Amino acid sequence: MLRNRRNDWDMSFATSGAKALQTLASTPIDIVVSDMKMPEMDGATFLSEVQKRHPETIRIILSGFAESEAVIRTIGPSHQYLAKPCDPDTLCGAIERAIDHCAFIRCDAVRKLVTGLREVPVLPATLSTLVNEIEAPDSSVSAVAKTIANDAAMTAQILKLVNSAYFGLPRQVATPLQAVQLLGLETIKALALVANIFNKFEGDEAALEKIDQTNRRSLKIGALAKSIAEAEGFEKPIVQQACCAGVLSHIGVLPLVTAWSDRWSNVVSAVDNDGLCITDAEESELNTNHAEIGGYLLAIWGFNAEIFDAVRYHHTPADALPHAPNAITAVHIAQYLVRKDRDSYCNGCGLDQDYIAGLGLSDRLPEWQTAYEKLEHRDLGR
């Protein structure tokens, strides 16, 4: 299948997991594509070993297995799940996207951190609520979906799974409600309680507060981005993409807060004490920023381009092509309004007025501001 790409890629092939690990030990590998059914060591076990030994390597599972148990075992160690039979274009497309998005992250240590993640930690209170909801005798799809939608990390994990090739859906799912409706409560229960795909954060109170703050901000951005997209008459898929990307806009902050708390403290200090914009402070400390990290994570997890681009470019929409009103526009405006005059993290990070003017939308700002104020009033009234 890959013979015609031999002039584009350096490729190594192995007939077993053990032989593949030998190759990885001696040769730097960017991406591993593994079958599930192999002699001695199956694909899930092999990719778990790759994750431990070579966390910087992107991991794709290629499988004809239909059993839920087998699929669930691949959720943690694999970034993407491709189903057999798999045509060359699908396989090459997944590999090419992964290669392209490796360039998102210029710092090798950050790339290793993000690629090595099994999951993004969720808020303990949200996880407890989810478990209570799915075990309740009168549990409902809407209640479970609402709980998932209240946590950005949980939303990302569920959407990653439901959009994998295992389910073979004809379109991308962009909301937790759609995901729960398609997966069913029993599958959600198995994922939460058996597969343990939702990892409860167990760090200190200061980090937990930062995660909670990031989560609340992200949920507001998602709600406002949806309102803006609807007000501008965007088509329904773009409205859903804007909402989803808004909720996931700061997913790149979570691995930094949880794994690199000291370096993240340096970022916050540069913002608070030196007046730097959050992205400038991150660039100085990490040689990347949370938007690039979030976009990279969602790209290697197999999210569609509209969503991971909206996350990647939510601070710098002019860098995205083509320039047209879309999910990126809605998320950029929403993240600006949500933090404006409220958050020290937004020092110097303003609305890209030239980008907005180029789209002919400058006169719409008062209406978007009103939409934000209505959202704030609704939240305060709860």
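When Lys220 is tested against (1) crowded, with 22+ Cβ neighbours inside 10 Å; (2) more than 11 Å from Ala327 (Cα to Cα), only condition (1) is not met.
Within the range 287-298, the set of residues being in contact (Cβ under 8 Å) with a residue 40 or more places away in the chain and within 19 Å of the chain's Cα centre (by Cα) comprises Thr288, His290, Ala291, Glu292, Ile293, Gly294, Gly295, Tyr296, Leu297, Leu298. Return the only residue of Ser78, Ser142 being in a loop (DSSP other than H, G, I, E, B) and of a type in the set (S, T, N, Q). Answer to the check: Ser78. For the residues Glu119, Glu96, Glu133, the requirement of being of a type in the set (D, E, K, R) and within 29 Å of Arg3 (Cα to Cα) singles out Glu96. Exactly one residue out of Arg97, Arg111 is touching a Cys at 6+ places or on another chain (Cβ under 8 Å) and either part of a helix (DSSP H, G or I) or buried (at least 16 other Cβ atoms within 10 Å of the Cβ) (or both), and it is Arg111.
Of all residues in the range 299-329, those satisfying the criterion of being aromatic (Phe, Trp, Tyr), under 11 Å from the mean Cα position of the chain (by Cα) and in a loop (DSSP other than H, G, I, E, B) are Trp301, Phe303. Annotation: of all residues in the range 223-233 being among the small types (Gly, Ala, Ser) and crowded, with 24+ Cβ neighbours inside 10 Å, the one that is nearest to Thr147 (Cα to Cα) is Ala225.
Within the range 22-41, the only residue that satisfies the criterion of being part of a helix (DSSP H, G or I), in contact (Cβ under 8 Å) with a residue 12 or more places away in the chain and surrounded by fewer than 17 Cβ atoms within 10 Å (Cβ to Cβ) is Ala25. Candidates Leu351, Leu297: the one that is of a type in the set (A, V, I, L, M) and at pLDDT 90 or above is Leu297.
Table: residues versus (1) assigned to a helix (DSSP H, G or I); (2) acidic (Asp, Glu); (3) surrounded by 22 or more Cβ atoms within 10 Å (Cβ to Cβ); (4) at pLDDT 85 or above.
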site	(1), (2), (3), (4)
Leu130	yes, no, yes, yes
Pro137	no, no, no, yes
Ala153	yes, no, yes, yes
Ala174	no, no, yes, yes
Gln178	yes, no, no, yes
Ile197	no, no, no, no
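For Ser249, the stated conditions do not hold, so it cannot be described as hydroxyl-bearing (Ser, Thr, Tyr), in a helix (DSSP H, G or I), outside the structural domain of Thr175 (by TED's automatic domain parsing) and modelled with pLDDT of 90 or more.
For the range 269-281, the set of residues classified as surrounded by fewer than 16 Cβ atoms within 10 Å (Cβ to Cβ) and part of a helix (DSSP H, G or I) consists of Ser269, Asp272, Asn273, Asp274, listed by residue number.
Scanning the range 347-377 for residues that are assigned to a loop (DSSP other than H, G, I, E, B) and in contact with a Ser or Thr (Cβ under 8 Å, 6 or more places away or on another chain) turns up Cys349, Asp352, Leu359, Leu361.
Applying the criterion of being touching a residue at least 40 places away in the same chain (Cβ under 8 Å) and part of a helix (DSSP H, G or I) to the residues of the range 114-125, the residue that is surrounded by the most Cβ atoms within 10 Å (Cβ to Cβ) is Val114.
The values are calculated or read from the model by the stated rules, or taken from the named source; none is laboratory data. These numbers come from a predicted model, not from an experiment. Cβ: placed from backbone, ideal geometry, glycine included. Neighbour counts: every protein chain shown.
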